[in-house]
Amino acid sequence: MMMRPKIRFKKATSPFYSELREEVKVLLTDEVTKKAGRLMITKFLFYSLGFLLLYANLFNPYMEDKNWLVALNYIILGLTGILLAFNCAHDCVHNTFSRYKKVNQIIYYITFNLQGVNARLWRKRHIASHHVFPNVDGCDADIDDNIFLRLSAHHPKRRIHVYQHLYATVLYCFYTLHWIVIKDFIYVRKKELANLRNQTHSFVSVAEVVLLKFAYFTYMLVLPMFFTSIPVMTILFSFIIMHVTISLFFVLTLIISHLSLETDFPKADDAGFLPYDYYEHQLAVSLDYHPTSRLANWIFGGFNSHAAHHLFPGLPHTVYTVITPAIQKAAARNNFPYHEKSIVDAVISHYQYLRKLSK
């Protein structure tokens, strides 16, 4: 069986990125950069301390006979953990949180594993797959073919997909639990992804994945069961409701950045070449929502400014509100695509996209 060619981009012929890079350098003055760094530290302290306090509150004797408070605490705890990953750990993966690589590694490793997601596997998928080849079938782990949802026109259509825009929300409710319990183990077995070939995992690395999963369920479920008087069923119910909430939040704030009517899904030719150069590709496949809003940046950690993130992954997300106007102007000047909607319209566009692929 002949090995498929490596995926490559066309050679850049537009001055888009070279001009934009110089404009961004001018915008990122020492004052702007220092302010962005201070904001990053503030967000890290806010979200990490909030997460620790909310977890500690589960052991507050006042909670023991108040089931609704336990459920609410779990929900806010889960959301705070996701926001910590959005706003800090994700930057650490790109080494943009701290100038010290070891600090970045420690924070992202702890934060992702605290959410039940294996940090090492996620980093490999994110950096080598999604970030280089977003929306490219067979290369982007985020749109891998599955039997329940058709997320690309290049995927085969199954009978069940006729109703995918109707049942997708139900599947989305279990996204994080599916990731923790199933998805990570799928990628342990996956041999090829994008230009990564013959991937293998040592016994130690697989054991690490398993042990960290046990650690997650231990601290989230077992410890509250053993060291509080909260009913076991209340803890289990609250844990599930937490995952339903954070799954919907996670999916409907991230998936809309790439999977919508506006975004493109480029396909490589027989020689492995994609139709765009690298920079035009990142714009063609991304959708921004409220990209210059400081509030949106505080909440979503720059995921709402997806064009900026894919074009400048080496910059902290706290500067995206500053550089996005330059990206918009440079795209218009060079006739490059740039997509922007409100978050509500982006979610609607995603469901319209699902319906389009169901036909």
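Remarks
- Only a single criterion out of (1) within 24 Å of Ala168 (Cβ to Cβ); (2) aromatic (Phe, Trp, Tyr); (3) touching a strand residue (DSSP E or B) at 6+ places or on another chain (Cβ under 8 Å) is not satisfied by Phe273, namely (1).
- Matching helices (runs of 4 or more DSSP H) fully within the stretch 62-132 where at least 1 residues are of a type in the set (Lys, Arg) and open to solvent by 10 Å² or more (accessible area, probe 1.4 Å): 101-114, 119-125
- Wholly within the stretch 149-192, helices (runs of 4 or more DSSP H) carrying at least 1 residues that are surrounded by fewer than 13 Cβ atoms within 10 Å (Cβ to Cβ): 164-172, 184-189
- Picking from residues in the stretch 20-34 that are in contact (Cβ under 8 Å) with a residue 24 or more places away in the chain and open to solvent by 60 Å² or more (accessible area, probe 1.4 Å), the one that is nearest to the chain's Cα centre (by Cα) is Thr33.
- When Ala308, Ala296 are screened for being crowded, with 24+ Cβ neighbours inside 10 Å, at pLDDT 95 or above, within 16 Å of the chain's Cα centre (by Cα) and aliphatic (A, V, I, L, M), only Ala308 passes.
- Members of the stretch 311-343 that are open to solvent by 10 Å² or more (accessible area, probe 1.4 Å), touching a strand residue (DSSP E or B) at 6+ places or on another chain (Cβ under 9 Å) and closer than 25 Å to Ala85 by Cβ: His339, Glu340, Lys341, Ser342, Ile343
- Scanning the stretch 31-61 for residues that are small (Gly, Ala, Ser) and either touching a Phe, Trp or Tyr at 6+ places or on another chain (Cβ under 8 Å) or farther than 30 Å from Leu221 by Cα (or both) gives Ala36, Gly37.
- Considering residues of the stretch 269-293 that are touching a Pro at 6+ places or on another chain (Cβ under 9 Å) and more than 23 Å from Asn334 (Cβ to Cβ) only, the residue most open to solvent (accessible area, probe 1.4 Å): Asp270
- Residues that are at pLDDT below 95 and open to solvent by less than 50 Å² (accessible area, probe 1.4 Å) within the stretch 7-19 comprise Ile7, Phe9, Ser14, listed in sequence order.
- Hey, Leu236 open to solvent by 10 Å² or more (accessible area, probe 1.4 Å), at pLDDT 95 or above and either within 25 Å of Pro15 (Cβ to Cβ) or out of contact with any helix residue (DSSP H, G or I) (no Cβ under 9 Å at 6 or more places or on another chain) (or both) or not: no
A quick yes/no check of all residues on (1) in contact with an Asp or Glu (Cβ under 7 Å, 6 or more places away or on another chain); (2) at positive phi; (3) aromatic (Phe, Trp, Tyr); (4) without any contact (Cβ under 8 Å) to a residue 60 or more places away in the chain:
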position	(1), (2), (3), (4)
Gly50	no, no, no, yes
Phe86	no, no, yes, no
Ile107	no, no, no, no
Lys124	no, no, no, no
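- All of (1) of a type outside the set (A, V, I, L, M, F, W, C); (2) surrounded by fewer than 18 Cβ atoms within 10 Å (Cβ to Cβ); (3) in contact with a helix residue (DSSP H, G or I) (Cβ under 7 Å, 6 or more places away or on another chain) hold for Gly302 with one exception: (2).
The values are calculated or read from the model by the stated rules, or taken from the named source; none is laboratory data. Note that this is a predicted model, so its numbers are computed, not measured. Counting neighbours? That spans all protein chains shown, and the Cβs are built from the backbone with ideal geometry, glycine included. Calculation scope for accessible area: heavy atoms of the full protein, side chains included, ligands and nucleic acids excluded. Shrake-Rupley method; radii C 1.70, N 1.55, O 1.52, S 1.80 Å.
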